[in-house]
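First, the structure itself, so that you have it in front of you.
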Amino acid sequence: MSYLEPTEFVTKMVDAGEAKVYMSTKDTLIRAFMAGATLALAAIFAITVSVKTGSPLLGAVLFPVGFIMLYLMKFDLLTGVFTLVPLAWLDKRPGVTVNQVLRNWGLVFLGNFAGALAVAFMMSFILTVGYNTDGGIIAEKVGKIGEARTLGYKVHGVGGWITIFIRGMLCNWMVSMGVVGAMISTSATGKMMAMWMPIMLFFYMGFEHSIVNMFLFPFSMIMGGGFTVMDYIIWNELPTALGNMVGGFVFVGLPLYYTHVKTNPERNLK
């Protein structure tokens, strides 16, 4: 595992954020679509493993495969650009403005959502054999997840909304550690090892990931989950996305930038 010093990989984080702002609309949308679709497949894979083996831990252990695949393909998740792109603005890179940061986030959101939604429809079609059966235990499991993680929070009012926000924050703290972890090595094996643990942790702990949820909740609704689109947006997707934004930037991007790029002079004790 070829290790890079923090001062080297944090500079790479800023460079990566700048490159994403300069990426064309077409490339940004395609990479975001593929990232959303790949992560959705990983999520249904992990749920299938959990249901069929009765071991949620095994599902969580295997889920990072999807994240690793999309990262190695250089596809973009909203959670990743929440962390990297603002660093280029903070570093005053030429052309990187607040509007350009928001443009990148908006395009990645659309691409991720389209990819996740496409997989939701494909998986629901497969499991129901063209909507002619009930979808079996996998569909039933996902339907219950959708209800529990919308209506289950709604019943607690503001406390429930803040709970989702914090779960989203903790989630992208870990996911962004996976993104950054991949930059500490120049070998594919080292990158995979660095990504695996934080991604497994967030999935097993049931933290809220806005892109995974873009698949889970539409899929749950297609399969008959008893909640509405507004329940999904207000009582999951919105607080989760905001929590993801804060968690990735405040707990990963900012600390690394300010302690490895914008460092203060050493103390003079002589």
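If you count, for each residue, the other Cβ atoms within 10 Å and average over each peptide, how do 76-84, 49-57 line up from highest to lowest?
Values: 76-84: 28.4, 49-57: 14.3.
Those peptides, ordered most packed to least, come out 76-84, 49-57.
If amide H atoms are built 1.01 Å from N in the plane of the peptide, which residues on other chains or at least 5 residues away come under 5 Å of the amide H of residue 185?
Long-range HN contacts for residue 185: 4.
Another question, then. On a 0 to 90° scale, report how tilted helix 25-53 is relative to the longest principal axis of the chain, with both axes built from alpha carbons and the result rounded to the nearest 10.
In the chain, helix 25-53 runs at an angle near 50 degrees to the longest axis.
Now a separate question. Once the Cα gyration tensor of the chain is found, what semi-axes does its equivalent ellipsoid get, as square roots of 5 times the eigenvalues, in whole Å, sorted largest first?
33, 19, 18
For the range 251-263, just list the computed ³J(HN,Hα) in residue order, Karplus coefficients 6.51, -1.76 and 1.60, θ = phi - 60°, integers in Hz, with x standing in for Gly and Pro.
3J(HN,Hα) across the range 251-263, in whole Hz: 9, 10, x, 4, x, 5, 5, 7, 10, 10, 10, 8, 7.
Let me ask something else. Expressed in nm to one decimal, what extension gain is obtained for the pair residue 72 and residue 154 from 0.36 nm per residue of sequence separation less their Cα-Cα distance? Kindly include the intermediate steps, with their values, before the conclusion.
Working: separation 82, 0.36 × 82 = 29.52 nm, distance 3.73 nm.
Working it through step by step, the gained length comes to 25.8 nm.
5 Å is the cut-off here: which amide hydrogens, built 1.01 Å from N in the peptide plane, fall below it relative to residue 76, excluding neighbours closer than 5 in sequence?
Counting only residues 5 or more places away or on other chains, the set is 32, 35.
What FRET efficiency, computed as 1/(1 + (r/R0)^6) with R0 = 35 Å and r the Cβ-Cβ distance, is obtained for residue 61 and residue 250, rounded to the nearest 0.05? Don't skip to the answer; put the middle values down first.
Values: r = 28 Å, r/R0 = 0.81.
Taking R0 as 35 Å, the efficiency between residue 61 and residue 250 is 0.80.
Let me ask something else about it. List the pair-distance distribution P(r) of the range 1-155, using every Cα-Cα distance, as the percent of pairs falling in each 5 Å bin from 0 up to the bin containing the longest distance, rounded to whole percents.
2, 9, 14, 16, 16, 14, 11, 8, 6, 3, 1, 0
Pop the C-beta distance of residue 4 and residue 122 into the FRET formula with R0 = 35 Å and round what comes out to the nearest 0.05.
Numbers: r = 39 Å, r/R0 = 1.10.
With a Förster radius of 35 Å, E is 0.35.
While we're here: For a protection proxy built on the mean count of beta-carbon atoms within 10 angstrom, sort 152-164, 228-240 highest first, please.
With the highest mean Cβ count within 10 Å placed first, the list reads 228-240, 152-164.
Counting only heavy atoms of protein chains, what accessible area per residue, in Å², does the chain have with a probe of 1.4 Å?
Normalised by residue count, the accessible surface of the chain is 47 Å².
Still on this model: For the range 12-61, rounded, prolate or oblate, judged on the Cα gyration tensor with a ≥ b ≥ c (square roots of eigenvalues), a/c < 1.5 rounded, else prolate if a/b > b/c?
On the way: a/c = 8.62, a/b = 2.47, b/c = 3.50.
Oblate, because a/c is 1.5 or more while a/b does not exceed b/c.
Counting only protein heavy atoms, what percent of the accessible surface of the range 81-221 is carbon or sulfur at a 1.4 Å probe?
74 percent
The values are calculated or read from the model by the stated rules, or taken from the named source; none is laboratory data. Worth saying up front: this structure is predicted, and the values here are computed from it rather than measured. FYI the Cβ positions are ideal-geometry reconstructions off the backbone, even for glycines, and counts take in every protein chain you see. Ligands, DNA and RNA are stripped out before the accessible areas are found, and what is left, the full protein with its side chains, is counted by its heavy atoms. Shrake-Rupley method; radii C 1.70, N 1.55, O 1.52, S 1.80 Å.
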